[in-house]
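Visitor: Here it is, the structure, as structure tokens.
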Amino acid sequence: MKLKSSYFYTLREDVKDEESTSGNLLVRSGMIKKSSSGIYMFLPLGYKVMKNIEKIIREEMENINAGELLMPALIPEEVYVESKRRDAFGKDMFSLKDRFDKSYCLAPTHEELFTTAASLKIKSYKDMPFSIYQIQGKFRDEPRPRYGLIRVREFLMKDAYSFDKDEIGLDNSYKNMYNAYKKIFTRLGIDYKIVKSDTGAMGGLLSEEFQAITSIGEDKLVICDHCGYASNVDVAKCTLLTKESDENIKLRELVKTPSAGTIEEVSKCLEEDKSKFVKTLIYNVDEKYYAILVRGDHEVNEAKVKKLLRANEINLAGPEKVEEITGAKIGFAGPVGLEIPVILDNEIMCMKNFIVGANKTDYHYKSVNLEDFNYVLADDIRVITDKDSCPKCGKYLEFKNGIEVGNTFKLGTKYSESLNLTYLNQDNESEYVWMGCYGIGLGRCMAAIVEQHSDEKGIIWPLEVAPFKVTIVVVNTEDDAQMDAANYLYENLRREGVSTILDDRQERVGVKFNDMDLIGIPIRITVGNKIKDQMVEIKLRDKEDIIETSLYDTISKIEDIMDI
């Protein structure tokens, strides 16, 4: 690529509407451009990065004998209705009608169609195992697209599916894909953790996420370096922090707490620690209302509640609904006398004489106990905190942020049952196929790499994903000796299969250096005044040292650096 006659530009200033490092640098380096909220175009340099990510994925999929195919993006809505997932996706799914008024969706995921494809092959147990995959666009109507490529409405995804005759086979297929993913993310240069996660709308037996560790990550991770325990906060198990109280049970007492509608305000008003309080939050869960109770210094984990109740959607009730249910304004709800189902966090089962709202504005109850109200369930439904210990080994936990770049699911027979994917076993009896599902977000991988590999000058691409491996910067393009040497290097590097940029623009050398640092090319060769002595300079993007070398030794030195 010779820059003077190529599509190439960079931006000098930070981009105002890009709040993440990766989004800002990818736009400034001319790799992507936002066309509308959550939708990006990939420009030539960015597209080359994406193709390199695809190449790595395809190579590792081929190594485990997964076959590539391509599914349509436009799918009849009835497909998701039949699998009972249309309601689970809800407003996240883009819907439209054709000219015949038939309902379609832009595919957010493809389990149903992959199941159909598998049915064309599977007749007996002899037809398995096998895995198939695609790299294709997905569409989800994100309510708050943000952070560049990290949360978008249209994205490129690699999704794979495995098909086995039994759970043992699924375990083997899952392990093969799991190990392939580890190789993919290692080759991409991503610092990642594998964490347990919620199966969510996908359902199934097990879900694990490959999380790129970075401060901008939206996912909260809980990690124990001592035993290796790692989990998404949404599913992290909480240890009991409250010891069984040995207090004598007291009589419930109504106390006035004027204008004290928050835990902080009530705590100050009654001069009691927040751990002595129990919060009551009213939730709308699939159009049914519940009172969810957690200790005053804890927070409700909505993902846990959603899973406990096997729900599709969960939202806090609005102020008007809370007042209708409790008879009091927000901040004074409590479990005593409520007519809706009450669910407790496990922590409350150990408490005695705690404080709750009285369902009366400006009033709370003191000395409330489990005998004072009815509840239907008690379970771990709170958010894990830094006071919790590792549920596996009891040691100290670390909290980190991550970007989910990949996930793996053991679906079991969930989709084969709903879509009737069966096979004949050795006894000629019909059984359901066991499935696994495995995804990688390519745009998120690209963003995660930049979040982890960048500095104040710009991007630092790992060699294997860089849009070009080498850039040749000519200090003075009007100097024939410099241009001759640069063209010699350019042609010979390309002949050796090394993707190379020749910066032959008539720009100041400082501008060229800044641009090449911004776009993150791993190896820079500078051809300047020393060419009269047949000498050039080599500099690596992630190093400060400059190596002087003979023009005619340059190719071999580059090959040594690249280890080819």
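Visitor: Suppose the chain between LEU308 and LEU370 were pulled fully straight at 0.36 nm per residue; how much longer would it get relative to their current alpha carbon spacing?
Guide: 20.2 nm
Visitor: Separate question: Provide the packing ranking of 370-379, 171-180, i.e. peptides ordered by the mean count of other C-beta atoms within 10 Å per residue, highest first.
Guide: Put in order of decreasing packing, that is 171-180, 370-379.
Visitor: Can you give the FRET efficiency for TYR47 and LEU205, using 1/(1 + (r/R0)^6), R0 = 51 Å, r = Cβ-Cβ distance, to the nearest 0.05?
Guide: 0.85
Visitor: At q = 0.06, 0.08, 0.12 Å⁻¹, what log₁₀ I(q)/I(0) does the chain have when each alpha carbon counts as one equal point scatterer in the Debye sum?
Guide: -0.42, -0.70, -1.18
Visitor: Here's something else I'd like to know. Excluding LYS530 itself, what net charge comes from residues whose Cβ is under 13 Å from its Cβ, given Lys and Arg +1 and Asp and Glu -1?
Guide: Spelling it out: positives minus negatives among the neighbours equals -3.
Visitor: Sticking with this one: In Å³ and rounded to a whole number, note down the convex hull volume per residue for the Cα atoms of the stretch 524-564.
Guide: Per residue, the Cα convex hull of the stretch 524-564 comes to 60 Å³.
Visitor: Which of the peptides 312-320, 542-550, 287-295 is most tightly packed, and how do the rest follow, judged by the mean count of other Cβ atoms within 10 Å per residue?
Guide: For the peptides 312-320, 542-550, 287-295, the packing ranking is 287-295, 312-320, 542-550.
Visitor: Another question, if that's okay. Run the quick spin-label model on ASN401 and ARG495: label points 7 Å from Cα toward the beta carbon, then report their separation in nm to one decimal.
Guide: 5.0
Visitor: If you count, for each residue, the other Cβ atoms within 10 Å and average over each peptide, how do 514-520, 324-330, 440-446, 34-40 line up from highest to lowest?
Guide: The peptides rank, most packed first, as 440-446, 514-520, 324-330, 34-40.
Visitor: Once R0 is set to 51 Å, what does the formula 1/(1 + (r/R0)^6) return for the Cβ-Cβ distance between TYR9 and ASN425, expressed as a FRET efficiency to the nearest 0.05?
Guide: The computed FRET efficiency comes out at 0.25.
Visitor: Can you work out the accessible area per residue across the chain, with the rest of the protein chains kept in place, probe 1.4 Å, in square angstrom?
Guide: Solvent-accessible surface per residue comes out at 48 Å².
Visitor: So, with +1 on the Cβ of K and R and -1 on the Cβ of D and E, and no other charges, what is the size of the charge dipole of the stretch 372-515 about its Cα centre, to the nearest 20 debye?
Guide: The dipole of the stretch 372-515 has a size of about 280 debye.
Visitor: Something else about it: Let me know the volume per residue of the alpha-carbon convex hull for the stretch 131-245, in Å³.
Guide: Per-residue hull volume (Cα only) is 189 Å³.
Visitor: A follow-up question, please. Taking the Kirkwood radius as the inverse of the mean 1/r across Cα pairs, report the Rg/Rh of the stretch 214-296.
Guide: A ratio of 1.07.
Visitor: Right, another one. Run the paramagnetic zone check for SER275: 7 angstrom along Cα to Cβ, then residues of the stretch 340-360 with backbone nitrogen under 14 Å.
Guide: Inside the label zone: 347-348, 350-352.
Visitor: Go ahead and run the numbers for FRET between GLU478 and GLU59, Cβ-Cβ distance against an R0 of 41 Å, rounding to 0.05.
Guide: 0.40
Visitor: About the Cα centre, and with charges only on the beta carbon of Lys, Arg (+1) and Asp, Glu (-1), how big is the dipole of the chain? Nearest 20 debye, please.
Guide: 500
Visitor: I would also like to ask the following. Expressed as a whole percent, how much of the Cα-Cα distance distribution for the stretch 105-188 exceeds 18 Å?
Guide: Cα-Cα pairs of the stretch 105-188 separated by over 18 Å account for 57 percent.
Visitor: Another one. Can you tell me how much longer the chain between ARG508 and ILE168 gets when fully stretched, taken as 0.36 nm per residue apart minus their C-alpha distance, in nm with one decimal?
Guide: Stretched out fully, the ARG508 to ILE168 stretch lengthens by 116.1 nm.
Visitor: Further question: Across all directions of projection, what mean area in square nanometres is found for the Cα convex hull of the stretch 366-417?
Guide: 8.5
Visitor: Here is a follow-up. In the P(r) worked out for the stretch 263-331, what percent of Cα pairs fall beyond 20 Å?
Guide: The proportion of pairs with Cα distances above 20 Å equals 37 percent.
Visitor: Just the number, please: Stokes-Einstein D of the stretch 437-553 in µm²/s, Kirkwood Rh from C-alpha pairs, 37 °C, 0.692 mPa s.
Guide: 218
Visitor: Using amide H atoms built in the peptide plane, which far-off residues or other-chain residues are under 5 Å from ILE340 H to H?
Guide: Answer set, sorted by chain and number: none.
Visitor: Would you kindly calculate the translational diffusion coefficient of the stretch 23-177, applying Stokes-Einstein with the Kirkwood radius from alpha carbon pairs, for 25 °C and a viscosity of 0.890 mPa s, and quote it in µm² s⁻¹ without decimals?
Guide: 139
Visitor: Something else about it: Label SER36 and GLU78 with points 7 Å out from Cα along Cα→Cβ: what is the distance between them in nm?
Guide: With each label point 7 Å from Cα toward Cβ, the separation is 2.9 nm.
Visitor: List the aspartates and glutamates whose Cα sits under 15 Å from the Cα of LYS175, skipping any in the same chain fewer than 8 residues away.
Guide: Once the sequence-local aspartates and glutamates are set aside, what remains near LYS175 is GLU60, ASP164, ASP166, GLU167, GLU208, GLU209.
Visitor: Ok, one more. Looking at PHE130, LEU43, VAL300, which one has the Cα that reaches farthest to the positive end of the dipole of the chain (charges on Cβ: Lys, Arg +1; Asp, Glu -1)?
Guide: Farthest along the dipole direction, towards plus: LEU43.
Visitor: Ok, one more. In whole Hz, with x marking every Gly and Pro, tabulate ³J(HN,Hα) for the stretch 98-103 from phi via Karplus 6.51 cos²θ - 1.76 cosθ + 1.60, θ = phi - 60°.
Guide: Values per residue, Gly and Pro as x: 8, 5, 9, 6, 8, 7 Hz.
Visitor: Taking 31 Å as the cut-off for C-alpha to C-alpha distance, list the pairs among LYS91/LYS182; LYS51/LYS126; LYS220/LYS410; LYS138/LYS539; LYS84/LYS158 that go past it.
Guide: Over 31 Å apart, Cα to Cα: LYS91/LYS182; LYS51/LYS126; LYS138/LYS539.
Visitor: Give me the percent of the accessible area of the stretch 111-243 that comes from carbon and sulfur atoms, probe 1.4 Å, all protein chains in place.
Guide: Percent of accessible area from carbon and sulfur atoms in the stretch 111-243: 50.
The values are calculated or read from the model by the stated rules, or taken from the named source; none is laboratory data. Since the model is a prediction, treat every value here as computed from it, not as a measurement. Quick reminder, even Gly has a Cβ in these numbers, built from the backbone with ideal geometry, and neighbours come from all protein chains shown. Side chains are part of the model used for accessible areas, which takes the heavy atoms of the whole protein and leaves out ligands, DNA and RNA. Shrake-Rupley method; radii C 1.70, N 1.55, O 1.52, S 1.80 Å.
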